[in-house]
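Reading through the C-alpha cells given below for one structure.
Since every read-out is calculated from the coordinates, none of them should be taken as a lab result. Since the structure is predicted, the reported quantities are computational estimates derived from the model, not experimental observations. Virtual Cβ from ideal backbone geometry, glycine too; neighbours counted across all protein chains shown.
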Amino acid sequence: MSRPKQMTRAVIVGHKSILKETIDSLHDTNLFHVEDFVEDESGFKISKPFKNAEEVSKKLVKIRSIANYLGIESKKPVVQKSDAVLRELDSKLNELDRTISAKTESISQLENELKDMDTQKKEILPYLSIDLDFDYFRGYENIKVFAGILKSNLETSQISSITQAYELYFDPQSKAVVLFVANNDADKVYELLQSLGFKELRVPERGGVPSELLRSIEQREADVTRRVESLKGEIESLKTKYTDFILASDEVLSIESQKAELPLRIATSENAFIIDGWTPTESYDRLVSVVNNATNGKAYITSLEVREEEEEDAPVEYNNSNAVAPMQQIMDLYSRPKYFEIDPSSAIFITFPLIYGMILGDIGYALILGSIALAIKKAIKSDAVSDMMNILIYCQIWTIFFGLIYGEFLGFPLASTHEEQGLLPFWHTVTLFNSIGGEEFTFPIHRAHMVMSMIVLSVVVGLIHLNLGYLFGFSNIAREHGMKHALLEKGSWMIIELGVLIAAVGYFGGSALMYIGAVVLVLGIVMLAMGEGIAGIVELPSLMGNALSYARIIAVGLSSIYIASTVNNIAFDMIWADHSKIGFAAIAAIIVFILGHALNTVLSIIAPGLHALRLQYVEFFGKFYEGGGRKFNPFGYIRKYTEE
Amino acid sequence: MVDGATAGLFLDAAGAKAVGASIAIAFTGLASAIAEKDIGTAAIGAMAENEGLFGKGLILTVIPETIVIFGLVVALLINSA
C-alpha cells in the first residue's frame, strides 16, 4: 500500500539581488510548495511585488476581458516560444485592443441607429393606411388637425351634424383617424372624438408620405443590419486569427504574474530573502542543483529537521502508478489523505470496480458502457473526464468477469437450466453443491434463484473488505502511536470477529469450540474497551450493521436483473409472442427492447456506482481513514501553449 | 363477527408470509426515505456553501439506506423460512 510522497522541508536564503533568478528557477522546476510567510516579531517583512507586476496584471486583465468578449475556449494547443510571444505581446495586444474597441464602438453606434429607426417606424405605422404627406398636417392658422386612434367606428354623419367644413380620413380597420376641421368647431368635434375613445398620436416631425418613408427606413435598416453582421463577422475572424496568440499570452502573463507576486508570500529583510516550503524528498537534489545553477551557487539551500507536529501539515502529493491514478479522483471527492496516512487509492483500485462488477455482473451492459466510456474518452480530451472514463472502464472489466460467473447478457441467462433455454445452447448449468435455505449452488450462478446464498456470499466479501480496512487502520495507528494502541483499537475488532466465527462454528458443530469462541470474544471486547473506552462498546453493533450493509451487493444487482428481464418479457413474450412474423408487433417489441435497456443502462451507472462508492466511503473508510490532508501545490505552471 | 377460524380463509400461511415480507420492505423503505430526505436537504444546503462537501454529503445521505437493506434481508428471511 502506498503512502503519500515523502516531503522535505527546505529553506532557500539569499541576497535580494538574486531573488529574481531564484524565483525563475523555482518556477521552472514546478517542485516547490511555498509556505506563505506570516509577519511576526522576528523583524522580517513580506516584500513588495516586482516592478512589472502592475503592468503584467493590467495586461492580463485586458487579455482576459478580450478573451471573454470573443468567447475564446481552450483548444488543442499550438505550442509557441514564450519569449517570442512576450516580444510581440505589446504591439499585438494594443492592435487587437484597438481594432476590437473600434469595431465594438461602431457596432453599438449602428445598433443605436437601429433602435432609432425602430421608433420612427412605430410612429409611422398608424398613418400607413391614410398615406397623407406629413407636411399637410401642420402650418394652418384656422384649421385644427386631429390625428390619432379611435376605439369605435366613426361615421361621417356624426361629423357632418356638427359642421360641413371638414376633411376626414378614417381607416375602419386600424381605426386611425385624421380629421381637419375649422378652429371654430374644434371643441365640439373634440368632444365627439373623446366620446369615441380618441387617443391622440404624435405626428412625425419629418415630411413625406408614410409609405415612402417606411420603405426608405426599411432599406436603411437592412443596410445597417448588414453592416453590423459584417462587423460581427470581422470580429469572429479576429477570434480565429488571434486565438493562439490570446491563449499563449494569457499563459505567459499568468506565469509572469505568479513570479512577480511571489515576494508577497516570502520573508525578507532589508537585503536578504527567505523562501520556506516543501518539496518531495526524491526531488530535493534536483531542486538544489537547479537553484544553484541559476544563481551561481549564491543562494543557500538547506533541508530542515521537521518536528512531528509540523509534519502533520506537510502538503500531500499522491504516489501512485499511472493505472491507479484515476482513483485519486474518488479520493479527492472524499478528502485527500493526511501526510501520515495510508493512501487507499490502490486498494479501491481493486475493491471499487470489483464491488461494482459484482453488483452489475452483466456482459451486455458491460460491453455497452465500456464502449461508451471509450468513445467519450476519445472525444473529450480532458484529464478529469478521462480519469472518470478510466474508472468506468475498470468497472466494466470486472462486470464482464462477473457477467461470465453469473452467465448474464442483458438480463437473459446465457446457460440453460431445467426450466428455460439459455442464449448459448452448449452451456448447461451445473449444480455444484447444496447451499443454505434449500438452494442449489450452481455454475453459472443464477442470482435470482439463489438469493440466500448470495446474501451470505456478499456479507463474506464485506467482512473481507472491512478487515482490509482494519488492517490499514492497524498500520496507521502502529506508525503514529505504536503497536500497543494499534492492537487495542483495531486488532480488538479482528479478535472479536474471530471469536464470533469460532463460536459460530462451535455452535453448529456442537463442540466445545463454542466456549473457546466466547472467551476470545470477551477478550476482544475487553481489549476494545481498553483501546477506545465506552465509545468502542457502543460501536459494537455497527460491526453487524456494516457487514449486513454489503447485502446491497445482491439487492441492487437483483433490481437490475428484474428490470432487464421485465423488459425482455414485455418485448419478446408479450408483444412479439409469435416470433416468426415480422410486422408491427416486431417493431414495437424492438422499440420497447431498446428503450427499456437504454433506461437500465443509465441506471447501471448510477445504482451500482453509488452503492459501490458508498461501501468504500462509509464501511471501508470508516475503519481507518481520516483524510483532510493539504494538497501539494507547487510554485510553477504546467505549460500548454508555450515553451521556453 | 370475525373469529380466528374465519381469518384463515382470507390469509393462508403463504399469504401471511408475503404480507409480512411486504411490511418489512415497505416500512423500512419509508424510514430510509424520511431519514434521507432530511439529511439530503441539509447536505445540499451545505454544498451550496462549499462544493467540496459533495463527498461527505453523499456519505451522510446514504447512511440510512442501511435500514432498508435490513428490511430486505428480513423480508428474504421470512420468504425462505
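Numerical summary
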| item | result |
| --- | --- |
| Relative frequency of Cα-Cα separations exceeding 12 Å in segment A:312-355, percent | 60 |
| Leading residue at positive end of dipole, chain B (Cβ point charges), from B:10, B:62, B:35 | B:10 |
| Equivalent ellipsoid dimensions for segment A:379-428 as semi-axes, Å, which come from the Cα gyration tensor, largest first | 34, 9, 7 |
| Contact order normalised by residue count of chain A, Cα under 8 Å, 6+ apart, percent | 22 |
| Evaluated at q = 0.13, 0.14, 0.15 Å⁻¹: base-10 log I(q)/I(0), Debye formula over Cα of segment A:187-290 | -0.88, -0.93, -0.97 |
| Principal axes of segment A:458-600: Cα extent on each, largest first, Å | 75, 42, 21 |
| When segment A:204-355 is reduced to its Cα atoms, the Kirkwood hydrodynamic radius in Å | 23.2 |
| Surface/4 of the Cα convex hull for segment B:18-81, nm² | 4.1 |
| Cα-Cα P(r), segment A:139-237, percent of pairs per 5 Å interval | 2, 11, 17, 18, 12, 9, 7, 6, 5, 5, 3, 2, 1, 0 |
| Counted charge near residue A:83, where neighbours are those whose Cβ lies closer than 12 Å (Asp, Glu -1; Lys, Arg +1) | -2 |
| Axial C-alpha extent at least 30 Å, average Kyte-Doolittle at least 1.0 - helices from chain A (DSSP) | A:383-406, A:451-481, A:584-614 |
| For segment A:534-644, the fraction of alpha-carbon pairs in successive 5 Å shells from zero, as % | 2, 9, 12, 11, 9, 9, 8, 9, 8, 8, 6, 5, 3, 1, 0 |
| Value of relative contact order over chain B, rounded to a whole percent, pairs C-alpha under 8 Å and six or more apart | 43 |
| Lysine-lysine proximity count for segment A:138-237, Cα under 13 Å, sequence distance 8 or more or distinct chains | 4 |
| Interchain or long-range residues, amide H under 5 Å from residue A:81's placed H | A:643 |
| Computed over segment A:376-487, Kirkwood Rh from alpha-carbon pairs, angstrom | 17.7 |
| Point-charge dipole on Cβ atoms (K/R +1, D/E -1) for the protein assembly as shown, about Cα centre, debye to 20 | 900 |
| Anchor residue A:51: aspartates and glutamates whose Cα lies under 12 Å away (excluding residues fewer than 8 positions away in-chain) | A:256, A:261 |
| Distance violations [Cα-Cα > 27 Å] among A:259/A:298; A:45/A:259; A:5/A:59 | A:5/A:59 |
| Relative compactness, segment A:302-402, computed as alpha-carbon Rg over 2.2 N^0.38 Å | 1.35 |
| The protein assembly as shown - Rg over Rh from alpha carbon coordinates, Kirkwood radius | 1.16 |
| Where GluC sites (Glu not before Pro) fall in DSSP loop in segment A:140-183, at most 12 other Cβ within 10 Å | A:141, A:155 |
| Charge dipole of chain A about the Cα centre (unit charges at C-beta), most positive-ward option of A:394, A:584, A:500 | A:394 |
| Tail weight of P(r) past 14 Å, computed on alpha-carbon pairs of segment A:549-608, percent | 58 |
| Cα-based reach from residue A:623 at 12 Å (exclusive), listing aspartates and glutamates while leaving out same-chain residues under 8 positions away | A:489, A:539 |
| Listed residue (A:120, A:69, A:152) projecting farthest to the positive dipole end of segment A:61-182, Cβ model | A:69 |
| Of A:20/A:338; A:338/B:37; A:377/A:631; A:75/B:37, those spanning more than 30 Å from alpha-carbon to alpha-carbon | A:20/A:338; A:338/B:37; A:75/B:37 |
| Only Lys, Arg (+1) and Asp, Glu (-1) charged, at Cβ; segment A:30-146 dipole about Cα centre in debye | 440 |
| Segment A:371-466: GluC sites (Glu not before Pro) in DSSP coil with no more than 12 other Cβ atoms inside 10 Å | A:419, A:420 |
| The protein assembly as shown - mean residue ellipticity at 222 nm from DSSP helices (-39,500 (n - 2.57) per run, n ≥ 4, rounded to 500) | -20000 deg cm²/dmol |
| DSSP-loop GluC sites (Glu not before Pro) across segment A:16-53, with at most 10 other Cβ within 10 angstrom | A:39, A:41 |
